[in-house]
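One structure is given here, and the rest of the page talks about it.
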Amino acid sequence: MDRFLVEGGRKLKGTVKAGGSKNACLPILVASLLTDEPFVLHRVPNLRDVRTTLKILTALGKKVTFQDGTVTITADGALKNTLPYELVKQMRASFWVAGPLLARFREAVIPLPGGCALGARPVDIHLKGFERFGAACQTESGNVILSADKLEPAKITLRFPSVGATQNLMMCAALIPGETVLENVAKEPEIDDVTAVLNKMGAEIFTDDKGRLVIRGQHTLHGTEHTVVADRIESGSYMILSAAVRGDVRVEDCVPEHNSILLECLQEAGVPLEVGPDYVHVKPYDTPLKPTRIKTAPYPGFATDLQPQWMALMALADGAAEIDETIFENRFMAAPELVRMGADIVTEKTLARINGVKELSGAHVMASDLRGGFALLIAGLCAKGTTEIERVYHIDRGYEDPEGKLNALGAKVTRYNPDKDEF
Ligand code: EPZ
């Protein structure tokens, strides 16, 4: 398995271009199941999770090509409506296929996504929504069996604004003729991108004056062409990284307003920023980094997907910082690894207290999830000496060519595989 060798203490300067959003393109790729017509998606990042999703679409019977950031999907005979466990176990987002398959076939057999490092991650909100459409949901030997004689539009209130459940139910409703209303939905920008695609396919989806998602479903949906929105989590990750190394980095091709809370927190911490229409320039500074208190929340709150990276930044703050992780029950896995690098972090349930230290030192560490892995990259770039990061495949799930982007800024990050490379 690949590892990163990270040389600490180098000055970083230059430009990073944000890629297309992983968390928008995954559901959008799945939306291609709603039609047999050609479906073209541009600005698709070359990530492990994207390649897994393309394997899933192929396993379901689609013909897929992926070239220079563009994915082209066409029908290749009849679609299947069962998914191999092999693929589901690699990525929870594969469960998003349930909505489209149920809508098209009135029957689908999908392996239940197991938990992951972040926690149990149940799918009860998805299943309750499918039941409200008239489907029967049974779980049997690790699979969810969805079946319905007829699907009816419904008014559904989500008990929690789950991103995945919102997308799964939207996609299902888009092929149920009539008006479905979803209440207490997720408001992440990725949802807007999925909405834009479904509307281009012929659905009629809008947000009413009460903030509810109204979906006027159709009998059939067309193919379409779309360009994925910028990845706000990749953009935010590089902004935090630049602040941590006190570099001079301009993150381009991003949507600053999708990171507005992060920008406020960076400014509160004393990090100088220049914010343009499609870029954020994080500037060098030699004043103390001020500790802050953040609480993760559904959008537009502080993104849970930026929390581990923020923790790495606060490890070097001038005082005591606090993080309250309200979304996932176990998202402090980077903490013990950062402590091994000299950070002073105490976690208790969903609260983390970080007492900033003067310096981190390079160490041999292990990534356990994609955002925590990026946090270790940030710490390694700040630390004195060299850091070796194991299980880089976690980082590859959500970041395209991280070492290429970082080395172009002046970093020295080397990818190697001890089982293969002589290093
Ligand atoms: C999406 O996951 C993202 N993944 C996650 O990004 C992100 O952390 C998360 O939203 C929250 O923003 C993709 O978009 C592919 P949720 P999702 O359903 O949809 C609980 C990354 O780093 N819940 O909003 O799975 C759940 O356990 C990844 O890119 C239920 O209890 O997140 C969690 O505690 C990590 N029942 C909370 O809600 C359900 O039926 C938020 O989950 C569904 C969710």
Original post:
Using a cut-off of 18 Å between alpha-carbon atoms, which aspartates and glutamates can reach Lys150, once sequence neighbours fewer than 8 places away in the same chain are excluded?
Top reply: Glu107, Glu131, Glu179
**OP:** Pop out the ³J(HN,Hα) list for the range 328-335 in order, Karplus 6.51 cos²θ - 1.76 cosθ + 1.60 with θ = phi - 60°, rounded to Hz; leave Gly and Pro as x.
**Re:** 10, 7, 9, 10, 10, 5, 6, 4
Original post:
Taking H as built 1.01 Å from N, whose amide H comes closer than 5 Å to the amide H of Thr326, not counting residues under 5 places away?
Top reply: Thr296
**OP:** List every residue whose amide H lies under 5 Å from the amide H of Arg293, counting only residues 5 or more places away in sequence or on a different chain, with H placed 1.01 Å from N in the peptide plane.
**Re:** Glu322
Subject >> Whole-Hz couplings from phi, Karplus 6.51/-1.76/1.60, listed for the range 395-411; x for Gly and Pro >> reply: 5, 5, 5, x, 10, 7, 6, x, 5, x, 5, 6, 5, 5, 8, x, 6
Original post:
Across the range 149-161, in residue order, what do the Karplus-derived ³J(HN,Hα) couplings come to in whole Hz, using 6.51 cos²θ - 1.76 cosθ + 1.60 with θ = phi - 60° and x for Gly and Pro?
Top reply: 5, 9, 10, 10, x, 8, 9, 10, 9, 6, 6, 8, x
Subject >> Amide hydrogen neighbours beyond the local backbone of Val144, cut-off 5 Å, H modeled >> reply: Ile110, Leu112
**OP:** Under a 10 Å cutoff between Cα atoms, tell me which one of Asp208, Asp396, Asp49 has the largest fluctuation in the Gaussian network model of the chain.
**Re:** Asp208
Original post:
Ratio of the chain's C-alpha Rg to 2.2 N^0.38 Å, to two decimals?
Top reply: 0.99
Subject >> Compactness of the range 1-114 - radius of gyration and Dmax, Cα, Å >> reply: 16.8, 57
Subject >> Alpha carbon centroid spacing (whole Å) that separates the range 187-218 from the range 343-362 >> reply: 41
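Run the accessible area of the chain with a 1.4 Å probe and give the carbon-and-sulfur part as a rounded percent. Walk me through the numbers on the way to the answer.
Values: 8270 of 16610 Å².
Looking at the chain in its full context, I get 50 percent from C and S.
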**OP:** Mark the label point 7 Å from the Cα of Glu322 along Cα→Cβ and return the residues of the range 341-375 whose backbone N is within less than 20 Å of it.
**Re:** 344-357
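A 20 angstrom limit on the alpha carbon distance is what I want to check against. Which of Lys55/Lys187; Lys187/Lys295; Lys155/Lys210; Lys22/Lys187 exceed it? Please report the intermediate quantities before stating the final value.
Numbers: Lys55/Lys187 28 Å; Lys187/Lys295 17 Å; Lys155/Lys210 13 Å; Lys22/Lys187 16 Å.
With Cα atoms farther than 20 Å apart: Lys55/Lys187.
On average, how much accessible surface per residue is there in the range 308-423, in Å², for a 1.4 Å probe, leaving out ligands, DNA and RNA? If you can, show how the numbers build up before the last one.
Values: 4660 Å² over 116 residues.
I get 40 Å² per residue for the range 308-423.
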Subject >> Nearest 10 degrees, 0 to 90: helix 48-59 Cα axis against the chain principal axis >> reply: 20
Original post:
From the cross-link list Lys62/Lys89; Lys80/Lys405; Lys128/Lys349, which pairs have alpha carbons spaced over 32 Å apart?
Top reply: Lys80/Lys405
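How high is the relative contact order of the chain, in percent, counting Cα pairs under 8 Å that sit 6 or more residues apart? If you can, show how the numbers build up before the last one.
On the way: 1006 pairs, mean separation 88.1, N = 423.
Normalised by residue count, the contact order of the chain is 21 percent.
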**OP:** Can you spot the aspartates and glutamates whose alpha carbon is less than 20 Å from Lys11's alpha carbon? Ignore those fewer than 8 places along the same chain.
**Re:** Asp248, Glu252, Glu274, Asp286, Glu359, Glu388, Asp401, Glu403
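The values are calculated or read from the model by the stated rules, or taken from the named source; none is laboratory data. Because the structure is predicted, anything quoted here is derived from the model rather than measured. Positions of Cβ are generated from backbone atoms using ideal geometry, with glycine treated the same way; all protein chains shown enter the neighbour counts. With ligands, DNA and RNA removed, areas are computed over all heavy atoms of the protein, side chains included. Shrake-Rupley method; radii C 1.70, N 1.55, O 1.52, S 1.80 Å.
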